[in-house]
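Q: Please see the structure below; I have some questions.
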Amino acid sequence: MDVSRRRWGAVVAAALLSLPGLVVVATPAVAVPAASAAAPGVPLAPTVVFEEGFENGQGAAVTWVDDYTGPAPLGQTYTADPAWLTSCNGIIASPLNQLNDPPGAGCGGWWPRVKDLARVLGDWSDGTGATNHAVTAYTHSDPGAGKTQLQSVTPIPLSATNRFVAFSVDVAEQNCYADNARYAFYLLDGGTAVPAFERPIVPCVDATTVVNGTSVGTFHSDAPVLFSGTSVGLRLVNDQPSGNGNDGAFDNIRVLDVTPRLDLAYATTPVVVGSTSTLTLTVTNTSELSAKAGWSLRLSLPPGLNASTTAADTTCADPVFGTSGATNLYTTATLPAGAASCTITVPVRPQTVGTYTTCAGDVTPLVGLDPPSCSTLRVVGPAYTFDAHAHATRVSTLLGPLPPIAPADLTCTTTPGSDSATLADAPLPPIGTTAVIANDAVASVGPDGLRTARATTHTAALNLLSGLITADELRAEAVATTTPTGAIAVSGSSALSNLRVAGRLVVPTTSVNISIPLVGTVTTNEQVRRANGITVNALHIRLIAGTDIVVGHARAGLGSPCGI
């Protein structure tokens, strides 16, 4: 420390602070409690892995930092380079300490300013300035560059591997007109020092608050380390070689877990099978918003949900994205400094109807990220239009068709519903009679969105053409339904009990033609299929006189064309 410059600087500072409009009022840091959970993209505070406030067992007595032992259970102790343990350096000072310079401290009469640094830090942190303790350095000789000002001795355990680790510290510095302290944090991996900074902390430059000539603030190392070990040490190096200035104190050193968290989000609304939806991966920073480089993940999608080979969009830096097979995603990227979050949006295409859920267990290995909660994609069938029709008979003559008997119809509707028609002892003019007729047309949607159009017809005690064609019972059904892949499947059937044609018993099969001499032909279980539907006629009678008779008609379809 250059004493003459110190005194001149103190006089100038006092004069400036006495001028109107130049008094700087300090605003202490206020800790905001972190919520237990937050929406994707909303940063939470880092997790404090280790904190040292230099208060354990401290009171009015003066202690040097290499004689201090931290609280249980770790009982941390510290070392420093000799230059930072002499010449008024390395003292855990407090306003509670003695008025005069401690013997052998080498403070040259500047002891009150040393204690004031501890007071300012306490008031900044939590309002305990009158009793606060802090590690001080009021340099009276050049310490030299790159010397360790504080280093932990006992390894600090971490809760897990592959975590981003950073540091924070409360710093106060005076005499900023001279050479400024330059604090650089290093993470210790055994005997290896790994820098946790790109730019050293310069309190006189970086502080946003000045209290009576003392710059003060809470500062974070700006390059968190993606650390694979289970325990870590800390080293604080002061890169300022000069003793002309370089007068400060630090307190509340924290080792922080600043690992960002991963959130997964499928589209919130149901999607149609076979269409493209999105899976959004949100990587949310911790509240200090430092850069996080090199995190990675491998995500296994549920079977039946395929991913694109390229990301549709990303706001992350340096992305590397790929797939292994149709359902495995891999990505590594950087969360940029200052960014609250970044996202990767992946197009996905469901192959079948259902629900697809992805949880933390599907993301492995996960490096440098907190695991996500579950997200679910609901996939439904296409919203096809329904078309379903059933009637007992329909007669067409050379003069034109007659109205169908007891029709049940749902025509080209998108809304589920039903229609039915029944008759008892019904004549079938002009061709015969029947005892009971019951017809139904039904449109339904299952819980998975699969649609079904169904038409059924039932006729009992059939007598046509004066007994030439009879049956005890006749049934027909036509069904069009959506498959889990979104395709349309059709089926049809008919059943005729005790069918007799011209007195002969007939065992009906699909589309069997029976000829009646001088009368015409009879076709049983006639089925006409098309791409999106089916028509089933239990009996189709064609008379040589040109009359066409359909008995037991059921027709069902989905989608377009409709009403055929």
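Q: Give, rounded to the nearest 20 debye, the magnitude of the charge dipole that the chain has about its Cα centre when Lys and Arg contribute +1 at Cβ and Asp and Glu contribute -1 at Cβ.
A: 2020
Q: Report the Stokes-Einstein translational diffusion coefficient (µm² s⁻¹, integer) for region 454-495, Rh taken as the Kirkwood radius over Cα pairs, at 4 °C with viscosity 1.567 mPa s.
A: Reported coefficient: 106 µm²/s.
Q: Only Lys, Arg, Asp and Glu count, each charged at its Cβ (+1, +1, -1, -1), so figure out the dipole size of region 260-361 about its Cα centre, rounded to 20 debye.
A: 180
Q: Okay, moving on. Working from Cα positions, state the angle (0 to 90°, nearest 10) between the long axis of helix 111-125 and the longest principal axis of the chain.
A: Taking the Cα atoms of the chain, the angle to 111-125 is about 20 degrees.
Q: Going by the alpha-carbon gyration tensor, a ≥ b ≥ c the square roots of its eigenvalues, is region 222-306 rounded (a/c under 1.5) or, if a/c is not under 1.5, prolate (a/b greater than b/c) versus oblate?
A: Because a/c hits 1.5 or more and a/b exceeds b/c, region 222-306 counts as prolate.
Q: Quick one: pull the percent of accessible area on region 427-556 belonging to carbon and sulfur, 1.4 Å probe, ligands and nucleic acids left out.
A: 58
Q: Kindly work out what percent of the DSSP beta bridges joining two residues of the chain are antiparallel, to the nearest 5.
A: Bridges in the chain that DSSP calls antiparallel: roughly 95 percent.
Q: Follow-up. State in Å² the accessible area per residue of region 115-212; use a 1.4 Å probe, count heavy atoms of protein chains only, and round to the nearest integer.
A: About 36 Å² of surface per residue is accessible.
Q: Could you size up the charge dipole of region 36-163 around its Cα centre, putting +1 on the beta carbon of Lys and Arg and -1 on that of Asp and Glu, and report it in debye to the nearest 20?
A: Dipole size: approximately 140 debye.
Q: On the accessible surface of region 73-197, probed at 1.4 Å, how many percent belong to carbon and sulfur atoms?
A: Carbon plus sulfur share of accessible area: 54 percent.
Q: Can you give the calculated 222 nm mean residue ellipticity of the chain, where each DSSP H run of n ≥ 4 adds -39,500 (n - 2.57) and the sum is split over every residue, rounded to the nearest 500 deg cm²/dmol?
A: Rounded to the nearest 500, the figure is -2000 deg cm²/dmol.
Q: Rolling a 1.4 angstrom probe over the protein heavy atoms, how many square angstrom per residue are accessible across region 314-365?
A: Each residue of region 314-365 exposes 41 Å² on average to a 1.4 Å probe.
Q: I need the peptides 103-116, 247-260, 469-482 ranked by packing, meaning the mean over residues of other C-beta atoms within 10 angstrom, with the highest value on top.
A: 247-260, 469-482, 103-116
Q: Using θ = phi - 60° and the Karplus curve 6.51 cos²θ - 1.76 cosθ + 1.60, what whole-Hz ³J(HN,Hα) does each residue of region 165-170 get, with Gly and Pro shown as x?
A: 10, 9, 9, 9, 7, 8
Q: Among rounded, prolate and oblate, which fits region 70-127 when a ≥ b ≥ c are the square roots of the eigenvalues of its C-alpha gyration tensor, a/c under 1.5 means rounded, and a/b larger than b/c means prolate?
A: oblate
Q: Quickly rank 92-98, 506-512, 534-540 as a protection proxy: mean count of other C-beta atoms within 10 Å, highest first.
A: In decreasing order of mean packing, 92-98, 506-512, 534-540 become 534-540, 92-98, 506-512.
Q: Once the Cα atoms of helix 3-17 and of the chain are each reduced to a long axis, what angle between those two axes, in degrees from 0 to 90 to the nearest 10, is obtained?
A: The angle comes out near 60 degrees.
Q: Dipole of region 307-437 (Lys/Arg Cβ +1, Asp/Glu Cβ -1, origin at the Cα centre): which of 323, 374, 333 lies farthest to the positive side?
A: About the Cα centre, the residue reaching furthest to the positive side is 323.
Q: Could you rank the peptides 451-457, 119-125 by their average count of other C-beta atoms within 10 Å per residue, with the highest value first?
A: Put in order of decreasing packing, that is 451-457, 119-125.
Q: Between beta-carbons, use under 14 Å as the cut-off and find the net charge around residue 184, counting Lys and Arg +1, Asp and Glu -1.
A: Taking every Cβ under 14 Å from that of residue 184, the sum is -1.
Q: Quick check: from the Cα gyration tensor, does region 117-188 come out rounded (a/c under 1.5), prolate or oblate?
A: oblate
Q: Oh, and also: Per residue, how large is the accessible surface of region 223-296? Use a 1.4 angstrom probe and give square angstrom.
A: Computed with neighbouring chains in place, this is 26 Å² per residue.
The values are calculated or read from the model by the stated rules, or taken from the named source; none is laboratory data. What you see is a predicted model, and the numbers here were worked out from it, not measured in a lab. Cβ atoms come from the backbone with ideal geometry, glycine included; neighbour counts cover every protein chain shown. Each accessible area value is taken on the protein alone, full model and side chains, heavy atoms only, with ligands, DNA and RNA left out. Shrake-Rupley method; radii C 1.70, N 1.55, O 1.52, S 1.80 Å.
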